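Input: a single structure, listed below in structure tokens.
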Amino acid sequence: MKTLIFITILIVTVSSEIKRYSFPDDFLFGAATASYQIEGAWNVDGKIPSIWDTASHRNPSSVVDGTTGDDAGMSYYYYEKDIQALKDIGFKVYRFSIAWTRMLTKTNQVNQKGIDYYNKLIDRLKEEGIEPMVTIYHWDLPQYLQDLGGWTNPRIVKYFEIFADLAFKSFGDRVKEWITFNEPSVFCDEGYGWASHAPEIRTDKNIGNYLCTHHVLLAHASAYRMYKEKYFPSQQGKVGICLNSGFNYPYNSTVTQETVDKAVNFYLGRFANAIFTEEGDYPKIMRDAINEKSKNEGRRWSRLPHFTTAQIESLKGSADFLAINYYSSNFVVPFDLLPGWDPAGSDNEIWGFHDPTIWKRAKSVWLYQVPDGLRDLLIWIKDHYNNPLVYITENGWSDEPMTIDDYDRIEYLNLHLKALSQAIDASCNVKAYTVWSLIDNFEWMRGYTERFGIYAINFTDPERQRIPKKSVALFKDLMQNMYVEIDEN
Ligand code: BGC
């Protein structure tokens, strides 16, 4: 009898630790993808090559398993399967990107077949009551533009304007949520600084990646201003930019808040400061440090280019929302607490790192589970950028191919949804969340070795069936209840 009472008490105690984290009824949940990662059909119906076609076809290619996005999930043919997958969960929004290389030829003529494809996709989504959220640029730059220097050539701003104009004109009657760029820090740093992504250009000491940063910001502002002037009066949509960031935690008590802020300013602020602050321009702390370092390096001008006053004004306020991709966070330590570190090697002079003894790691080497970082980053954004409208446009976990019982992903997602709900309770103005990703896809230089989908794909199956993983059930429940329940034990 005693044992029975003890067990009952234990059960009551354990179950009383389950806590509920809820979301407002009008909060939008959905899933995200990107054109090159899912569409396949890389050379059909007038599509021209992108820098990712070039990088993955190169022999030997830098993609770890030697694969390409030539076919991927074949969403160009099987988009109905994607829509069905969204529908089965009850998702309300689908974030996808449009391929520049499908919509325009090398001489900037419209490729109608490319437009037709996205029209079909958008129309079907609308019929199913799913809101399209369109990323205009998710990394698949036309190769012929890269041959002119890509994002390091100032002329790219005009080329991007032509593409964005076509997108607004063709789809803006139905698309009300536009994202100009996906994660510019990643494609600038990895594509034009460290050569770890297409177009695989290496420039020492943050030169190519800062030129890229500068032109992306100008291209963003000019697309935003064009939309406001030419399309907003009739289309009434919103235009924002998507930035990725983690939060930075002081490694120990000797690391100050100043270091934390500096790290966020150098990373998120490199794009966000010009758009979301009154001050405008690059963060002053960044501007000053790079000017000074460039001078000490004996350069004739700063590695970080300068905006004109008119450009600063045009960038200020040039977003109706901030889209955030959050995956992980770091610890930070300033170089001056690390004897022997060479300050010349880094512009912010901060070392950021993960601690594998504390944080669980995904299949991807860079992805550690730090859910509180999402909440803390959102609060930082609220406090520093005047509480802008925020959408979480990516958040997800990678594992081995065909892990259908994806319990680690479920744990990661539940904890991040909890952190998101806490951020909303702390008055952060977040209104949407799209999980990365709807389906398994081409994970850039990691090929098909790391999977982020909540639906699995066996890439040897010609039908590319979308197979629900266990995490699909999590989202089905979420769509029904608008809360997650976490066992806090
Ligand atoms: C990108 C996605 C990518 C995901 C996981 C983000 O950086 O926007 O395209 O697949 O992270 O690596």
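Nothing in this text is a laboratory measurement; each read-out follows from the coordinates by a stated rule. Note that the coordinates shown come from a computational prediction; the quantities given were computed from them, not determined experimentally. Cβ placement follows ideal geometry from the backbone for every residue including glycine, while neighbour counts extend to all protein chains displayed.
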Cys in the chain lacking any partner Cβ under 4.7 Å -> CYS242, CYS428
Over the residues of the chain, compute the C-alpha Rg and express it relative to 2.2 N^0.38 Å. 0.98
Size of electric dipole in the range 180-226: Cβ of Lys, Arg +1 and of Asp, Glu -1, about Cα centre, debye, nearest 20: 200
About the Cα centre, charge dipole magnitude for the chain (Lys/Arg +1, Asp/Glu -1 at Cβ), debye: 860
Which value at 222 nm does the chain reach when only helices count, each DSSP H run of 4 or more adding -39,500 (n - 2.57), with the total divided by all residues and rounded to the nearest 500 deg cm²/dmol? -12000 deg cm²/dmol
Given Cβ charges of +1 for Lys and Arg and -1 for Asp and Glu, the option among THR203, PHE307, SER398 whose Cα lies farthest towards the positive end of the dipole of the chain is PHE307
Ranked highest first by average number of other Cβ atoms within 10 Å, how do 39-45, 267-273 line up? 267-273, 39-45
Given unit charges at Cβ for Lys, Arg (+) and Asp, Glu (-), the dipole magnitude of the range 414-489 about its Cα centre in debye, nearest 20, is 220
If the limit is 25 Å between Cα atoms, which of LYS169/LYS476; LYS169/LYS238; LYS87/LYS360 go over it? LYS169/LYS476; LYS87/LYS360
Please report the base-10 log of the normalised intensity I(q)/I(0) for the range 331-489, using a Debye sum with one equal scatterer per alpha carbon and no solvent, at each q in 0.20 (1/Å). -1.30
Farthest toward the dipole's positive end in the chain, which of LEU86, GLN109, VAL44, given Cβ charges of +1 (Lys, Arg) and -1 (Asp, Glu) about the Cα centre? GLN109
Would you list, by chain and number, the lysines whose Cα falls below 21 Å from the Cα of LYS284, excluding same-chain residues fewer than 8 positions away? LYS205, LYS262, LYS293, LYS295, LYS316, LYS382
Once normalised by the length of the chain, the mean sequence separation of its alpha carbon contacts under 8 Å that are 6 or more apart gives a contact order in percent of 19
What is the antiparallel percent of DSSP beta bridges lying wholly in the range 232-365, to the nearest 5? 35
Which order do the peptides 461-468, 240-247 take when ranked by the mean count of other beta-carbon atoms within 10 Å per residue, highest first? 240-247, 461-468
Which residues in the range 112-126 place their backbone N less than 11 Å from a point set 7 Å from the Cα of ASP45 along the Cα-to-Cβ direction? 112-122
Order of 173-185, 336-348 by packing, highest average Cβ count within 10 Å first? 173-185, 336-348
